[in-house]
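What follows is one structure encoded as structure tokens, with my remarks underneath.
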Amino acid sequence: MKLLERIATAPISWGVCEMPGWGYQLPVEAVLAEMSKAGFTHTELGSLGYLPTEPAELRAVLDRHELSLLGGFVPLVLHDPSQIQGTREAATEAAALIAGGGGRYFVSCAVSHPDNWRQTPLAEHEGPVVADALAEVEQIAAEHGLIQALHPHFGSLIETSSETEQIVGVSDIALVLDTAHLILGGGDIVDIAKRHLDRIALVHIKDVNLGVAARVTAGELSLMQGVQRGLFPPLGQGGLPIAEIVDLLEKSGRDLWYVLEQDAAIAEGDPSAIARLRFDACQSIDFLRNLEPVSAGAGTSQNKQQLP
């Protein structure tokens with residue numbers, strides 16, 4: 001498949017976020033209509049409960065907008081053995097919805113609690129516990145015909161590059177390569193992509209304003225405040241070597257799917273929000289459409305791009 005045939009989106013690009021306490025959420029029909037107008041054919045679920053939670057109803061609402069489901073992001077408590085039964089139940093419910101809605105990817109995110117994602121950092125002894133829990137979720141996902149991939153995410157229990165490496169070292173879990181969240185976690189995105197190329201099952205692609213990102217990681221801004229200040233601009237307008245990353249992934253020959261995410265946090269009653277967000281999405285699509293293969297050695301000055 002051509003690159004542009006493997007570009008999906010997610011409700012977060014229209015301000016519908018999985019993280020607790022996010023901003024105003026636009027109505028479902030309005031968001032799906034905007035996705036379709038921007039040219040997308042696939043979407044992720046977004047926050048569980050935003051789109052319908054009954055598979056037939058989910059398919060029906062997506063069909064109305066000529067969209068298909070790609071997968072879903074599922075926050076799970078994976079580090080606490082006393083909560084494993086609840087984790088199994090949550091994973092089974094989410095897997096049934098994703099599979100029933102026609103999706104193929106089960107995106108796991110390790111959290112302290114569904115309403116408080118990172119209460120304390122992941123302790124070293126908890127790594128193997130998380131690995132065992134991921135193996136259970138892997139079985140649940142496989143039973144539903146889904147591919148599980150772990151999403152290191154800012155504000156979750158697997159946030160930093162060292163936490164990501166900790167889990168990779170004790171588990172054979174596949175990964176979501178999120179170009180922004182790995183940078184926010186202190187990683188070198190090109191290096192991570194090269195070292196774990198065979199682990200990457202799905203790509204969440206976004207650019208980053210590195211100046212705003214530095215303020216977020218320093219604790220001066222919350223993630224939502226950073227988003228409101230332009231943390232994730234359209235592709236090609238931030239500081240990440242997006243062309244180099246895509247070139248590396250495409251040369252793997254694996255026809256990976258890319259989920260275009262330009263996280264938004266909008267205020268209720270903002271009449272310009274919908275048009276602005278679609279414009280930003282279309283700018284990113286145009287960037288990918290015009291992307292030329294990166295020649296050998298190009299962009300090496302950005303290979304080690306991290307936060308200032």
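Read the figures in this text as sums done on the coordinates, not as results from a lab. Model, not experiment: these values are computed from the prediction. Cβ sites come from the backbone with ideal geometry, for glycine too, and all protein chains shown count toward neighbours.
With the requirement that a residue be buried (at least 20 other Cβ atoms within 10 Å of the Cβ) and among the aromatic types (Phe, Trp, Tyr), what does segment 1-46 give you? Matches in segment 1-46: 14, 40.
Taken over segment 133-152, residues that are among the hydrophobic types (A, V, I, L, M, F, W, C), surrounded by fewer than 19 Cβ atoms within 10 Å (Cβ to Cβ) and assigned to a helix (DSSP H, G or I) amount to 2. Residue 95 passes every criterion in (1) buried (at least 24 other Cβ atoms within 10 Å of the Cβ); (2) in contact with a Phe, Trp or Tyr (Cβ under 8 Å, 6 or more places away or on another chain); (3) of a type in the set (A, V, I, L, M) apart from (1).
Yes/no per residue for (1) over 20 Å from residue 203 (Cα atoms); (2) not aliphatic (A, V, I, L, M):
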{"position": "44", "(1), (2)": "no, yes"}
{"position": "62", "(1), (2)": "yes, no"}
{"position": "69", "(1), (2)": "no, no"}
{"position": "80", "(1), (2)": "yes, yes"}
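Conditions tested, residue by residue: (1) in contact (Cβ under 8 Å) with a residue 24 or more places away in the chain; (2) closer than 24 Å to residue 180 by Cα.
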site	(1), (2)
25	yes, yes
31	no, yes
74	yes, yes
88	yes, no
100	yes, no
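So which residues in segment 170-179 are hydrophobic (A, V, I, L, M, F, W, C) and within 9 Å of the chain's Cα centre (by Cα)?
Correct list: 176, 177.
Scanning segment 258-279 for residues that are touching a helix residue (DSSP H, G or I) at 6+ places or on another chain (Cβ under 7 Å), buried (at least 20 other Cβ atoms within 10 Å of the Cβ) and farther than 20 Å from residue 21 by Cα yields 258, 260, 277.
Within segment 109-132, the residues that satisfy the criterion of being buried (at least 20 other Cβ atoms within 10 Å of the Cβ) and touching a residue at least 60 places away in the same chain (Cβ under 8 Å) are 109, 117.
So that you can scan it fast, the table gives a plain yes or no per residue for (1) closer than 23 Å to residue 174 by Cβ; (2) crowded, with 18+ Cβ neighbours inside 10 Å; (3) out of contact with any Asp or Glu (no Cβ under 7 Å at 6 or more places or on another chain):
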| residue | (1), (2), (3) |
| --- | --- |
| 192 | yes, yes, yes |
| 196 | yes, no, yes |
| 204 | yes, yes, no |
| 207 | no, yes, yes |
| 223 | no, yes, yes |
| 232 | no, yes, no |
